[in-house]
């Protein structure tokens with residue numbers, strides 16, 4: 001074995017993969033990032049970096065740059081996501097004991113704009129060939145935790161099997177308390193409250209509003225957790241496929257048991273162009289039931305017409321653009337937010353695009369940008385320091401990777417990093433901890449914010465087969 005990373009990327013015929021990248025989500029240990037039919041899936045592991053604390057992003061950046069600067073890279077495809085790739089998940093808080101990580105897979109398969117490729121990565125002193133890379137991918141796809149019937153990489157002509165899950169009984173929103181009653185779900189699945197019961201969490205919202213009214217801060221984001229126990233076992237790959245199918249406009253992610261489908265892009269870097277999608281302002285689509293007119297008209301009237309929702313959104317946009325400005329030579333954002341329509345909710349959304357400038361002689365990396373941008377007002381509040389301290393006081397919760405950056409980067413400086421929202425952490429073969437949060441501003445009502453958390457839990461509950 002050598003200390004030098006060696007990689008070989010070979011093109012595949014993207015037209016052969018009818019289901020796109022989600023057709024490769026066939027193992028519970030898959031690393032993934034996918035939207036619509038495009039994205040990356042990683043298998044195995046050849047290297048890993050972990051860190052905690054306030055310097056976790058910069059330490060990871062240094063480790064990655066040292067790893068790839070001496071790497072021997074053969075990449076005739078030369079697209080974002082080809083060559084060496086690492087998948088990553090970072091803790092929300094600098095005080096969290098959760099280990100932020102970069103994971104370098106043994107094999108990566110990518111699909112983008114009807115193009116596809118496979119990359120093999122190794123530290124071993126072996127010859128890398130096209131046949132060897134395809135064989136390595138086939139071994140992972142046919143491994144003991146993969147679904148039967150998955151076609152071989154060299155011959156795939158259709159999407160992998162996407163078995164449907166059983167429909168559970170209607171779930172009820174649990175009440176406050178340490179542990180709530182078992183819900184009428186199939187196979188004995190139950191939901192339990194997490195760090196705070198509903199009543200205690202609503203009291204935290206009230207306390208947050210009171211702090212805002214003192215002028216100490218403008219906005220605070222408060223999260224809560226619930227725990228699902230599924231005796232039949234949690235099938236991570238099935239959860240990912242369900243999310244990818246149902247939430248195609250979101251970015252479905254999976255890293256070391258952290259799974260979800262986020263609608264919010266913290267930063268996407270391609271060459272010298274950086275983009276972000278900022279969300280703040282939420283409306284449950286179930287609220288439109290029984291309303292006259294078209295649902296989108298209702299969303300526009302209630303969401304875009306709400307002074308409270310627009311104020312929350314403006315704070316989030318200002319937070320991101322202010323932090324991104326020192327790294328940019330030009331930047332533009334929507335003058336007016338648009339309505340992002342998802343199966344469970346509507347959001348006020350804005351896209352921001354920036355052309356990166358050189359800082360100290362080089363274009364900033366993905367992780368350097370994340371270090372400057374995280375946490376945004378969309379997931380923390382503003383001012384950041386005051387909001388962060390209040391979160392630790394009121395939530396009684398270690399968010400771990402929830403609301404932290406999740407995504408991937410390559411050796412060329414490209415990468416996509418979302419905010420780990422609408423997600424969960426698989427804590428045991430039969431146990432999943434789900435997270436959801438809300439932006440609190442002056443005028444927030446605890447009962448409405450609690451209902452919003454249940455709307456945001458819905459993607460993961462349904463992907464687990466728990467119908468709410």
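The values are calculated or read from the model by the stated rules, or taken from the named source; none is laboratory data. The structure presented is a predicted model; accordingly, all values stated were derived computationally and were not measured. Neighbour counts run over all protein chains shown; Cβ positions are idealised from the backbone, glycine included.
List of remarks:
- Where residue 140 falls short, out of the listed (1) surrounded by fewer than 16 Cβ atoms within 10 Å (Cβ to Cβ); (2) in contact with a strand residue (DSSP E or B) (Cβ under 9 Å, 6 or more places away or on another chain); (3) in a helix (DSSP H, G or I): (1)
- For region 287-302, the set of residues classified as at pLDDT 80 or above and crowded, with 17+ Cβ neighbours inside 10 Å consists of 298, 299, listed by residue number.
- Output for region 355-371, where each listed residue is touching a helix residue (DSSP H, G or I) at 6+ places or on another chain (Cβ under 9 Å) and either under 20 Å from residue 63 (Cα atoms) or buried (at least 24 other Cβ atoms within 10 Å of the Cβ) (or both): 359, 363, 364, 365, 366, 367, 368, 369, 370, 371
- Residues that are surrounded by fewer than 18 Cβ atoms within 10 Å (Cβ to Cβ) and not in a helix (DSSP H, G or I) within region 196-226 comprise 214, 215, 216, listed in sequence order.
- Tally, over region 372-389, of residues that are in a helix (DSSP H, G or I), crowded, with 20+ Cβ neighbours inside 10 Å and either touching a helix residue (DSSP H, G or I) at 6+ places or on another chain (Cβ under 7 Å) or not assigned by TED's automatic domain parsing to the domain that holds residue 321 (or both): 1
- Which listed residue is touching a residue at least 40 places away in the same chain (Cβ under 8 Å), more than 19 Å from the chain's Cα centre (by Cα) and either surrounded by fewer than 18 Cβ atoms within 10 Å (Cβ to Cβ) or in the same structural domain as residue 404 (by TED's automatic domain parsing) (or both), from 36, 48: 48
- Some residue of region 111-126 being over 20 Å from residue 34 (Cα atoms), surrounded by 18 or more Cβ atoms within 10 Å (Cβ to Cβ) and not assigned by TED's automatic domain parsing to the domain that holds residue 397: yes
- Within region 93-110, being farther than 18 Å from residue 74 by Cα, surrounded by fewer than 21 Cβ atoms within 10 Å (Cβ to Cβ) and touching a strand residue (DSSP E or B) at 6+ places or on another chain (Cβ under 9 Å) holds for one residue alone: 99.
- Condition check for residue 148: modelled with pLDDT under 95, within 26 Å of residue 242 (Cβ to Cβ) and touching a helix residue (DSSP H, G or I) at 6+ places or on another chain (Cβ under 8 Å): no
- Pairs meeting the criteria (first residue in region 127-142 and closer than 14 Å to residue 25 by Cα, second residue crowded, with 21+ Cβ neighbours inside 10 Å, beta carbons under 6 Å, at least 6 apart or on different chains) are 137/107; 137/118; 137/153; 138/153; 140/43; 140/107.
- Within region 69-92, restricting attention to residues that are part of a loop (DSSP other than H, G, I, E, B) and surrounded by fewer than 24 Cβ atoms within 10 Å (Cβ to Cβ), the residue that is nearest to the chain's Cα centre (by Cα) is 80.
- Residue within region 84-104 that is touching a residue at least 40 places away in the same chain (Cβ under 8 Å), out of contact with any helix residue (DSSP H, G or I) (no Cβ under 6 Å at 6 or more places or on another chain) and either farther than 27 Å from residue 375 by Cα or assigned by TED's automatic domain parsing to the domain that holds residue 420 (or both) present: no
- Residue within region 53-60 that is touching a helix residue (DSSP H, G or I) at 6+ places or on another chain (Cβ under 8 Å), at pLDDT 95 or above and surrounded by 19 or more Cβ atoms within 10 Å (Cβ to Cβ) present: yes
For every residue, the table says whether it meets (1) buried (at least 18 other Cβ atoms within 10 Å of the Cβ); (2) over 17 Å from residue 438 (Cα atoms).
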| position | (1), (2) |
| --- | --- |
| 230 | yes, yes |
| 237 | yes, yes |
| 240 | yes, yes |
| 259 | yes, yes |
| 270 | no, yes |
| 280 | yes, no |
| 285 | no, no |
| 315 | yes, no |
